[in-house]
Each structure stands twice: as structure tokens, then as C-alpha cells.
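Note sheet for the following structure.
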Amino acid sequence: MEKGLRKIQWAEKHMKVLGRIREEFRKEKPLEGYKIGMALHVEAKTAVLVLTLRDAGAEVAITGCNPMSTQDDVADALRDLGIACFAKRGMSNEEYYKALEAVADTRPDIVIDDGADLIFLLHSRKQKVIGASEETTTGVIRLKAMEREGVLAFPVIAVNDAYTKYLFDNRYGTGQSAIDGILRATNMLLAGKTIVVAGYGWCGRGIAMRARGMGAKVVVTEVDEIRALEALMDGFDVMPMEKAARIGDIFITATGNRDVIRKEHLELMKDGAVLANAGHFNVEIAIPELENMSRGKREMRDNVVEYDLGDKKLYLLAEGRLVNLVAADGHPIEVMDMSFSDQALAAKYIAENADKLENKVYRLPDELDRIVARFKLESMGVEIDRLTEEQIKYLTDWRYGT
Ligand code: NAD
Ligand code: SAH
């Protein structure tokens, strides 16, 4: 309890925006009488969100959104603080789904999910909530597909799509924390290495940028011509995985897609190549194919498994799950400060507006997104200019001259 509690307190100290929202929530109690069910990575920053929601009057139950990312000391601290927390590190798949069931069994009114597993479960149980929010790109993609098919049973706020989320969390958060996870797991030098980043979306951009900053040669693989062009003009080499596989020392997937690195690529890789995923669950690297190709495997360090392919050895980090959350602490505190402020405001928004929302995927309202940006700037002591009356007229009135 003590260690987990101190981790939570350390995070609290650096989550200035969420702290400010928490102060308001303590006074206004906007979530009084609501039950909130959460499936998020259970670590210190998430714990601060949980405690913020409780201070707002909610009764909260939480489990992990990934069987490997829970920090047990934090989960224990949450239980000691009276939160129903069902998360444990290293759960089997069965235990993982049982823990999601346990959260659903608390009959939440509002759900906060990361990857949409809990929302899917509620749909399969035909269990309705007044509204939910979704933390990540892949979850939002899946929920939008449900909306298109007309099967989404309640409104969802796509917190991922807020500017104060993806521009910072997916880019700078994943950029720093994926590198952090790889360094902690391997203790290897990045300078001079060739790092292959699969996917030049928000996460991939951040990883490529930070890997270059550490002195690596960065190669990007893409399937989207515009993003490929952007990577090229940002100064990275762009090529198909079939070519990149031959030259990469470290591979980092961040696509939200499956089988991005598969047998045909594994066959071409150099001895000693390191494989890490910072994208989606554990499917971006085709691990069953790697297993089939291997004569044996052994754990070299925590989160580093050597696969013996006969003529060479390949190294898989964090079982192909999110390397930043399994081998490190996930995104830095100051980044999660914004993402989880968005989540806190989304929960309040759902409580206040549920009767007006349809069974659709919504963006976080722009004014809430901007509150988070403004609070963040203020917390950093940064001021910005304001438009003059003349400038507002100039920008809005086409008659106003040239
Ligand atoms: P995004 O949609 O902005 O980018 C994904 C990119 O991958 C796109 O440009 C797409 O064209 C590309 N892509 C798809 N299939 C590909 C393939 N086979 N080969 C190469 N490129 C391919 O998404 P994002 O916001 O960058 O998120 C990516 C994934 O990371 C999602 O699953 C998201 O949920 C997850 N995510 C993880 C973290 C983390 O903490 N590790 C943080 C945020 C998001
Ligand atoms: N549940 C899936 C979904 C991807 S998780 C899986 O585990 O594979 C990706 C999300 O994790 C991001 O959108 C990010 O906001 C969140 N995240 C990253 N670092 C985090 C941290 N330190 N604490 C809580 N959530 C974090």
C-alpha cells in the first residue's frame, strides 16, 4: 500500500490540470449518485483519475484494459483506499475477462474504457449504460464501426479524438514512453541503430521523432500514401516492411493493425533484431508465427524473450504487448494529466447531457478540449495573445476589406 500510495501522490503532484478539475469536482459533486465502471491501465496516473471521480461523488469500480500493464502496488493502494479494483498484473485471458465481468456486475451508469473491451462486454450482456468514453484510437475505430452498423447501444465520447488527447498523448506520450520501455527492457544504446517504425500515425510520428533524437537512423513503413509522403518529407527513409526487415536492428509497431510483422518479414531479419509493439493489443507482431518458426525460447531479462530460429535469434519485448506500459510506466505524468482531464470532463458531460445524446460516437465538445489546453498552459506559466476586436472582424466578416 505505502509504495503504491506514494506513486499515486507523486503523480498527483504533477497532474496540475486534473488537480484543478478535482478541486472543482470536490465542491460541485457533479457525479454524485453515479456508478462508474472503468477498464484502463491500472497505474498511478489512472489512480489519480479514479480518486478524482470519487471526489466528484461517484462510486468507482476498475480493472485493467491489458492483462500485463497493471502495477500491483497501485492496485493494492486503490483497494486500500476503498475502491473496487479487480486488476492484477499477469492475468490469464480468462481472468482478464472475469475482471471485466466483475466491473460490469457493479452495474455502472457511466463507463470509461481503453480499447473497448468493457463496452463490447456490456453489449454482449445487453447491459445499458447512460454513456461511455473511449481512451484510444483502436477503441474509437471499433465503436465507430458499431455506430455505422447501427448496433451501438449507448452514446460514447471519443476522448481519443480530442486535440488535447491525441496530439500530445499519442504523439509525445508514446514517443517518449515507447523508447523508455525499450531502454528499460534491453539496456541497449539507440545511437547508430536502425529503428524501423511501422505506422506513421500519431504514435508513429512521436516514436520516429524521439528515436531520431536519440541518434538512431529511422525507417518508416506505411500503407497510406499521404502519411508515407509526410514521413519522407519529415526526413525519414520510407520503404516496405519487406525491405526494412533486412536492415532493422529494432522494430516498433504502432499501426493499430494486425500481422504487420509476420513470417515473411521475420525470415528476412538480422540475427539479434529486437521486436516491440506500441500499438494495438498483442497482434501487430504475428507472435504465433514467431512461435512456430522457433526451436525454443528463453527469457534473457525481464520483458525480453529470445526466440531461437536456428540460423539466428530474435528478441521479443513485453510479449508483443504495449512496450511502454508493460516494460515502463506508460506515458509520462504530464501527458496523462491532459488525457485524464479530458476523461474527467467527459464523465461530467455524460452525467449532465445523457438524455440529449443519441447512440453515436461523439467528439469531446470543443469548449471542454480548450479548457484542458488553457489550464495546461496556465499550469506551465505560459501566456498567449488574444484577438483584438478588429482582428475578429477581419477574420469573420468578408466585407471588412483586404
Ligand atoms: P493512427 O490511425 O493515427 O495511425 C496508424 C497508422 O498506421 C496509419 O497511418 C495507418 O496508415 C498505418 N498502418 C495501418 N496498417 C499498417 C501496416 N500494415 N503497415 C504500416 N502502417 C500501417 O493511430 P495512432 O493514434 O497512431 O494509434 C496507433 C495504435 O496505437 C492504435 O492501436 C492505438 O490504440 C494505439 N495507441 C497506443 C498508445 C500507447 O500507449 N502505446 C497510445 C495511443 C494509441
Ligand atoms: N487496451 C488496449 C488498448 C491500447 S492502450 C491495449 O492494452 O493494447 C493505449 C492507451 O493507453 C493510450 O490511448 C493512452 O492514453 C493510454 N495510456 C498510455 N500510458 C498510460 C498510462 N501511464 N496510464 C494510463 N493509460 C495510459
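Key figures for this structure:
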| read-out | value |
| --- | --- |
| Residue count for segment 200-216, restricted to those that are crowded, with 18+ Cβ neighbours inside 10 Å and in contact with a strand residue (DSSP E or B) (Cβ under 7 Å, 6 or more places away or on another chain) | 6 |
| Residue tally, condition out of contact with any Gly (no Cβ under 7 Å at 6 or more places or on another chain), within 16 Å of ligand 1 (Cβ to nearest atom) and charged (D, E, K, R), over segment 97-142 | 4 |
| Lys45 of a type outside the set (A, V, I, L, M), at pLDDT 95 or above and open to solvent by 30 Å² or more (accessible area, probe 1.4 Å) | no |
| Test set (1) within 22 Å of the chain's Cα centre (by Cα); (2) in a loop (DSSP other than H, G, I, E, B); (3) surrounded by fewer than 21 Cβ atoms within 10 Å (Cβ to Cβ) - Pro67 fails condition number | (3) |
| Condition check for Arg54: closer than 25 Å to Asp109 by Cβ, out of contact with any strand residue (DSSP E or B) (no Cβ under 7 Å at 6 or more places or on another chain) and part of a helix (DSSP H, G or I) | no |
| Lone unmet requirement of (1) more than 10 Å from ligand 1 (Cβ to nearest atom); (2) surrounded by 22 or more Cβ atoms within 10 Å (Cβ to Cβ); (3) assigned to a strand (DSSP E or B) for Val197 | (1) |
| In segment 192-205, residue farthest from ligand 2 (Cβ to nearest atom) [restricted to those that are of a type outside the set (A, V, I, L, M) and within 17 Å of Thr138 (Cα to Cα)] | Tyr200 |
| Test: Val238 is closer than 17 Å to Gly279 by Cα, touching a residue at least 12 places away in the same chain (Cβ under 8 Å) and among the β-branched types (Val, Ile, Thr) | no |
| Tally, over segment 136-151, of residues that are open to solvent by 10 Å² or more (accessible area, probe 1.4 Å) and either polar (S, T, N, Q) or within 21 Å of Phe281 (Cβ to Cβ) (or both) | 8 |
| Among the candidates Asp311, Asp259, residue that is among the acidic types (Asp, Glu), more than 16 Å from ligand 1 (Cβ to nearest atom) and farther than 20 Å from Ala185 by Cβ | Asp311 |
| Cross-chain or 6+ apart pairs with Cβ under 6 Å, segment 320-336 first and touching a residue at least 60 places away in the same chain (Cβ under 8 Å) and within 6 Å of ligand 2 (Cβ to nearest atom), then in a helix (DSSP H, G or I) and of a type in the set (Gly, Ala, Ser) | Gly330/Ser177; His331/Gly173; His331/Ser177 |
| Meets criteria (open to solvent by 10 Å² or more (accessible area, probe 1.4 Å) and more than 14 Å from ligand 1 (Cβ to nearest atom)) for Arg321 | no |
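The values are calculated or read from the model by the stated rules, or taken from the named source; none is laboratory data. Worth saying up front: this structure is predicted, and the values here are computed from it rather than measured. No Cβ is skipped: glycine too gets one built from the backbone with ideal geometry, and neighbour counts run over all protein chains shown. To get the accessible areas, we keep the full protein, side chains included, count just its heavy atoms, and leave off ligands, DNA and RNA. Shrake-Rupley method; radii C 1.70, N 1.55, O 1.52, S 1.80 Å.
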